[in-house]
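The values are calculated or read from the model by the stated rules, or taken from the named source; none is laboratory data. No experiment lies behind these values; they were computed from the predicted model shown. Counting neighbours? That spans all protein chains shown, and the Cβs are built from the backbone with ideal geometry, glycine included.
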Amino acid sequence: MLRYTSSRCAPASFTYALIGNRAIAEKKLENFVEYRRLYPEYDFVFVGDSGQGDIHFGQRMLELAPEAVRAVFIHDVVATPEHARRELAIGGVRLFDTYIGAALAALDLGLRGPEGAARVAEAPLAAFTAIPFPSDADRRPRRLEVMRDIAELNERLPPGALIQVDALIQGIE
């Protein structure tokens, strides 16, 4: 358990974690620069999570090669505050709670068409039904995120591509 000994100083383990995450991000950046050198004709989409330096890495990718980085998607696993999400989005880093939300962001950016976004969204929806949550209290917030993202995606899909939720969420009410 992390405990702060002073309001001005983070504990050593927290500081080391930040340094470690930054080092991980910098190593990923070295690899990205090498891939860019080897494959200059390709564009890149990065998908990471908010746990180990991926946000920093995505920001650095965008700084170094904005013309080649089509998108940076970060699965938010640490409940990033909304104001920080907005700030990151302004810089090109898009956080998502579910992979359905990632499909929605890809649709918004033109990386996927409506039918492609719907196909991408179906897999995590089906997987969600199989997750053995310890309790309804654990399941409920994730279910709300899934339902929110499905509703938003369905608003942007043509009638023939709408995701039919009823059959897929049986047993997770």
Suppose we filter region 135-160 for residues that are more than 13 Å from PRO114 (Cα to Cα) and not in a helix (DSSP H, G or I); how many remain? 1
Residues satisfying the stated conditions in region 23-82, i.e. among the aromatic types (Phe, Trp, Tyr) and touching a residue at least 12 places away in the same chain (Cβ under 8 Å): PHE32, TYR42, PHE44, PHE46, PHE57, PHE73
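I need a count of the residues in region 97-128 that are touching an Asp or Glu at 6+ places or on another chain (Cβ under 7 Å) and not in a helix (DSSP H, G or I).
Residues flagged as touching an Asp or Glu at 6+ places or on another chain (Cβ under 7 Å) and not in a helix (DSSP H, G or I) within region 97-128 amount to 2.
Based on what the data block shows, is GLY110 more than 23 Å from LEU29 (Cα to Cα), assigned by TED's automatic domain parsing to the domain that holds GLY160 and surrounded by 13 or more Cβ atoms within 10 Å (Cβ to Cβ)?
The answer is no for GLY110.
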Could you check, for region 33-51, whether at least one of its residues is modelled with pLDDT under 90 and more than 27 Å from GLU155 (Cβ to Cβ)? yes
Does LEU111 meet the test of being in contact (Cβ under 8 Å) with a residue 60 or more places away in the chain and in contact with a Lys or Arg (Cβ under 9 Å, 6 or more places away or on another chain)? yes
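Looking at region 126-133, is at least one residue of a type in the set (Ser, Thr, Tyr) and modelled with pLDDT under 90?
Checked region 126-133: at least one residue is of a type in the set (Ser, Thr, Tyr) and modelled with pLDDT under 90.
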If you scan region 23-61, which residues turn out to be within 15 Å of GLY92 (Cα to Cα) and in a helix (DSSP H, G or I)? ASP54, ILE55, HIS56, PHE57, GLY58, GLN59, ARG60, MET61
Looking at region 49-63 only, could you name the residues that are surrounded by fewer than 20 Cβ atoms within 10 Å (Cβ to Cβ) and in contact with a helix residue (DSSP H, G or I) (Cβ under 7 Å, 6 or more places away or on another chain)? GLN52, HIS56, ARG60
I need the full set of residues from region 64-81 which are of a type outside the set (D, E, K, R), crowded, with 19+ Cβ neighbours inside 10 Å and under 13 Å from the mean Cα position of the chain (by Cα), in order please. ALA71, VAL72, PHE73, ILE74
